[in-house]
Amino acid sequence: MESDQPLDSYSRVVSGVAAELTPKVASLRVRQAPGGRGGESLGSAVVFTGDGFLLTNAHVVGRAQGGTALFSDGTSATFTVVGADPLSDLAVVRAGGPTPPPAELGEADKLVVGQLVVAVGSPLGLAGSVTAGVVSAVGRSLPTRSGAAARLVEDVIQTDAALNPGNSGGALADAQSRVVGINTAVAGVGLGLAVPVNATTRRIISTLMQHGRVRRAYLGIVSVPAPLPAALRERFARPNGLRVAEVVAGGPADRAGLRAGDLLISAGGRPVQKAQDLQRLMFSEAIGQPLAITVMRNGALVDVIAEPSELVAA
């Protein structure tokens with residue numbers, strides 16, 4: 001009997017998470033926006049406040065203005081789209097009627113590879129579908145696009161929990177039933193991705209609730225991580241900087257004098273080692289404000305001042 005205990009413990013955890021979250025994850029029937037192809041699309045959403053706000057994916061709501069949320073107890077409520085941000089693939093909707101108590105949001109940055117996670121959603125419109133697996137990888141990046149604007153969603157969670165059409169917008173939870181991610185994509189056989197719930201996405205969610213959209217700043221560079229020279233590794237106590245691969249002509253970085261080949265060391269007084277480090281700085285308060293950037297160029301440290309402009313999704 002002792003050999004059965006790990007399975008029994010696993011089952012108790014998964015069933016406990018399912019019992020806690022299934023009532024709080026809605027099946028969304030999203031009305032297509034006027035001028036669309038008509039009909040409706042399906043997805044999932046998670047109740048995360050006591051006054052009817054639900055969290056889902058931007059690609060689930062698209063350009064729609066509302067639809068219907070169906071809960072596992074058979075109740076339903078119409079909802080309106082409060083705001084969507086395609087560049088993080090997050091959206092907030094608000095139910096026009098009573099909703100179940102909210103799920104607790106967790107902290108994805110504390111996840112480790114191999115940790116148990118449970119996906120709760122409504123694939124194919126079937127409410128209360130539960131799958132379980134482990135965190136396969138953390139720190140992945142998911143390319144997103146809105147018009148001509150492109151961005152990487154940072155620190156995406158990769159899991160082997162089975163995801164199906166309609167799971168998008170559903171909850172990815174830890175063993176304590178805390179929502180650590182919003183399932184966003186089926187990337188391949190045995191591979192699912194989720195947008196993390198962390199400080200950056202909490203800020204996006206709050207902005208969507210308040211303003212309905214997220215304004216972002218824009219520098220106009222393409223960059224890749226690159227190793228620091230040995231002397232700088234020791235001086236700054238980190239291995240990498242960010243190599244400028246391309247500077248967009250006429251953009252803020254170009255006007256500031258940044259060049260392809262520059263190795264970014266810091267921006268706004270903060271170290272930069274990967275593209276996400278810059279993205280964290282590119283919110284509305286950076287628009288039109290001086291941003292101090294330190295780069296290594298031809299073996300010397302050079303300081304430049306850039307003034308990010310607003311990113312426009314054309």
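The values are calculated or read from the model by the stated rules, or taken from the named source; none is laboratory data. Keep in mind the model is a prediction, meaning the values are calculated, not measured. Backbone-built Cβ (ideal geometry, glycine too); neighbour counts: all protein chains shown.
Suppose we filter the range 249-285 for residues that are aliphatic (A, V, I, L, M) and touching a Gly at 6+ places or on another chain (Cβ under 8 Å); how many remain?
6
Mind checking which residues of the range 281-314 are part of a strand (DSSP E or B) and within 22 Å of the chain's Cα centre (by Cα)?
Answer for the range 281-314, where residues must be part of a strand (DSSP E or B) and within 22 Å of the chain's Cα centre (by Cα): F283, E310.
So which residues in the range 234-244 are more than 13 Å from L219 (Cβ to Cβ) and not basic (K, R), if there are any at all?
E234, F236, A237, P239, N240, G241
Find all pairs meeting these conditions: Cβ atoms under 9 angstrom apart; at least six residues apart or on different chains; first residue within the range 254-268 and closer than 12 Å to L219 by Cα; second residue charged (D, E, K, R).
R255/E307; A256/E307; A267/D277
Of the conditions (1) in contact with a Leu (Cβ under 7 Å, 6 or more places away or on another chain); (2) outside any helix (DSSP H, G or I), T201 satisfies every one except a single condition; which number is it?
(2)
For every residue, the table says whether it meets (1) crowded, with 18+ Cβ neighbours inside 10 Å; (2) at pLDDT 90 or above; (3) charged (D, E, K, R); (4) within 20 Å of S309 (Cβ to Cβ).
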residue: V224; (1), (2), (3), (4): no, no, no, no
residue: P229; (1), (2), (3), (4): no, yes, no, no
residue: G241; (1), (2), (3), (4): yes, yes, no, no
residue: M282; (1), (2), (3), (4): yes, no, no, yes
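Here are L278, L193, L232, L264: which of them is more than 24 Å from P143 (Cα to Cα) and either part of a strand (DSSP E or B) or touching a Leu at 6+ places or on another chain (Cβ under 9 Å) (or both)?
Residue meeting the stated conditions: L232.
Starting from the range 296-309, keep only residues that are assigned by TED's automatic domain parsing to the domain that holds A231 and loosely packed, with under 13 Cβ neighbours inside 10 Å, then list their pairs with residues that are modelled with pLDDT of 95 or more and part of a loop (DSSP other than H, G, I, E, B) whose Cβ atoms are within a distance under 6 Å, requiring at least 6 positions of separation or different chains.
Correct list of pairs: I305/P290.
If the requirement is being outside any strand (DSSP E or B), at pLDDT below 95 and surrounded by fewer than 19 Cβ atoms within 10 Å (Cβ to Cβ), which of these qualifies: P98, P143?
Within the list P98, P143, the selection yields P98.
Select from the range 178-192 the residues that are modelled with pLDDT of 90 or more and under 17 Å from S168 (Cβ atoms) and list them in ascending order.
Selection gives V179, V180, G181, I182, N183.
Of all residues in the range 59-81, which are of a type outside the set (S, T, N, Q) and either crowded, with 24+ Cβ neighbours inside 10 Å or within 22 Å of P23 (Cα to Cα) (or both)?
Selection gives V60, V61, G66, G67, A69, L70, F71, D73, G74, A77, F79, V81.
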